[in-house]
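Structure first, commentary second.
The values are calculated or read from the model by the stated rules, or taken from the named source; none is laboratory data. What you are looking at is a predicted structure, and each value in this text was computed from that prediction instead of being measured. As a convention, Cβ positions derive from the backbone with ideal geometry for all residues, glycine included, and neighbour counts pool all protein chains shown. Ligands, DNA and RNA are stripped out before the accessible areas are found, and what is left, the full protein with its side chains, is counted by its heavy atoms. Shrake-Rupley method; radii C 1.70, N 1.55, O 1.52, S 1.80 Å.
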Amino acid sequence: MEVRSEGVQVRSDKLPVPVVPRTRLQVWFVRICSSILLWTFFVQLVAFGKLWHPLFISNITNRISQVTGIPLSLHVGESVQSAPVLPARNYSSNGYLRVSCNGGLNQMRAAICDMVTVARLLNLTLVVPELDKTSFWADPSNFDDIFNVKHFIDSLRDEVRIVRRLPKKFNRKYGFIPFAMPPVSWSNEKYYLEQILPLFKKHTVLHFNKTDARLANNGIPVYLQKLRCRVNFQALKFSPQIETLGYKLIRLLQEKGPIVVLHLRYEMDMLAFSGCTHGCTTKEADELKQMRYAFPWWREKEIMSEERRSQGLCPLTPEEAALTLQALGFNKETQLYIAAGEIYGSERRLATLREAFPMTVKKEALLSPEELKLFRNHSSQMAALDFMVSVASNTFIPTYDGNMARLVEGHRRYLGFKRTITLDRKKLVELVDMHQNGTLSWDDFAAAVRLAHEKRQGQPLQRRAIPDKPKEEDYFYANPHECFCEGMNCHHSNSSEVL
């Protein structure tokens with residue numbers, strides 16, 4: 001049968017099948033799509049692998065970075081938070097735990113990790129923690145201003161039920177008054193099971209109005225210790241606005257080379273609290289003393305500054321820090337990032353440090369006033385930016401062992417024992433004084449400083465426990481060895497290069 005249409009004769013029983021050759025555009029389209037799929041698979045593999053075995057993936061990405069020249073560590077840090085949401089844990093809640101964290105950003109961060117762990121232990125429903133707004137820093141930030149609250153809730157749903165707020169029937173305006181108390185400091189699971197859990201049967205809602213150091217460093221079951229790490233390293237992701245600016249800050253620094261972060265705790269509140277006035281004028285020393293008396297919760301008022309300094313209980317001055325860094329081998333080509341608030345004495349006290357290290361910068365010099373506008377007068381949000389840079393840096397050097405120094409140290413251990421130089425301040429001030437009074441030459445001073453810090457650079461180390469003296473033992477968050485060691489064996493070497 002033939003069909004005629006507009007003068008064209010075509011056999012209907014043998015219609016021709018057109019063969020269209022692939023164009024160059026189609027070939028490239030297929031290649032691009034395949035590449036995108038492969039890279040997506042790789043990124044997800046890295047993120048998933050780092051979630052469960054960070055040290056192994058860290059070594060892989062470090063090798064890839066060396067070969068390609070691409071700094072993968074930043075991107076892995078961004079993707080590690082994107083873990084798959086696990087099924088919610090099914091349990092009967094024994095009540096609601098409301099907590100009010102006290103202190104600065106990192107003290108509150110550790111407290112949040114502890115309170116999630118307590119809620120898991122007691123089968124409680126945790127209300128999203130309230131952050132301190134009345135401390136010295138008077139930061140008005142809420143939890144969701146600093147942390148990604150949705151990620152926090154979703155990423156822990158297989159361990160503990162977390163809600164944004166209490167049900168209405170437990171609201172004060174309905175006449176309900178929750179039972180408020182501070183749990184005993186440095187308590188283990190026995191205390192919470194035997195003394196706290198029965199209170200929920202009576203009150204349903206408990207409000208912990210102080211949360212700092214309320215869970216012991218040692219003697220806690222390994223599964224609970226690992227949960228503390230999971231909250232700290234994976235669930236407490238910073239809010240989008242902090243992460244965006246923090247990653248920009250890191251990129252700006254990485255473009256100029258390796259980053260050495262000096263956590264210079266030479267701020268007014270730190271000096272007033274510790275009573276350390278070495279290097280200050282008489283007027284400044286009086287100002288710090290008046291500040292100490294103005295805050296009633298700083299109990300110690302009369303402090304002998306030089307005695308405390310000789311015991312290693314004072315943060316290094318900027319001048320002492322400059323000498324120490326030079327003795328450790330850092331030079332004028334070192335890119336030095338100062339992670340700190342306003343330095344007491346301002347640029348006058350930073351002059352010696354800047355002369356020794358011309359590439360000294362702070363976040364205020366790298367970011368525009370417009371970019372920092374939303375963060376000003378929010379000390380915890382500003383501290384979060386410094387925290388991100390400190391964790392990502394090649395070398396981290398704290399001049400005082402406060403909460404941020406210890407949490408950053410622990411985070412860097414978790415990420416593969418990244419180089420963290422914990423200074424022996426008692427030994428350092430002795431050496432500095434000997435060098436400055438002419439009894440110790442520069443070469444001998446530098447050799448002594450290096451020798452004193454050979455084994456203080458973030459290498460694997462067993463956490464020190466002191467029975468009945470929890471305040472004196474090593475802090476869990478500075479060295480959570482249960483989270484990256486099998487049993488009690490740590491056979492990882494400190495692979496960070498000495499800069």
(Q) As an exercise, use a Förster radius of 41 Å and the Cβ-Cβ distance of Glu267 and Lys332 to find the FRET efficiency, rounded to the nearest 0.05. (A) 0.95
Q | Per-residue SASA entry for Cys276, accessible area with 1.4 Å probe, Å² rounded to 10 | A | 10
Q) Which lysines have a Cα lying under 16 Å from the Cα of Lys418, excluding residues fewer than 8 positions away in the same chain? A) Lys50, Lys455
Q.
Name the residue from Pro369, Thr422, Ile343 whose Cα lies farthest towards the positive end of the charge dipole of region 297-426, charges +1 on Cβ of Lys and Arg and -1 on Cβ of Asp and Glu.
A. Thr422
Q | Å² per residue, accessible surface of region 333-488 at 1.4 Å | A | 45
Q.
Using alpha carbons only, how many angstrom separate the centre of region 135-173 from the centre of region 373-391?
A. 20
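Rounded, prolate or oblate, given the Cα gyration tensor of region 340-480, with a/c below 1.5 counting as rounded?
Oblate, because a/c is 1.5 or more while a/b does not exceed b/c.
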Q: Give a residue-ordered list of calculated ³J(HN,Hα) values for region 267-278 (Karplus: 6.51 cos²θ - 1.76 cosθ + 1.60, θ = phi - 60°; whole Hz; x for Gly, Pro).
A: 9, 4, 5, 5, 5, 5, 5, 7, x, 9, 10, 4
Q. With the Cα gyration tensor of region 199-316 giving a ≥ b ≥ c as the square roots of its eigenvalues, does the rule (a/c under 1.5 for rounded; else a/b larger than b/c for prolate; else oblate) give rounded, prolate or oblate?
A. oblate
Q | Accessible area in square angstrom per residue, region 211-262, 1.4 angstrom probe | A | 33
Q | Per-residue SASA entry for His411, accessible area with 1.4 Å probe, Å² rounded to 10 | A | 20
Q: For region 265-320 and region 196-259, write down the distance between their C-alpha centroids in whole Å.
A: 29
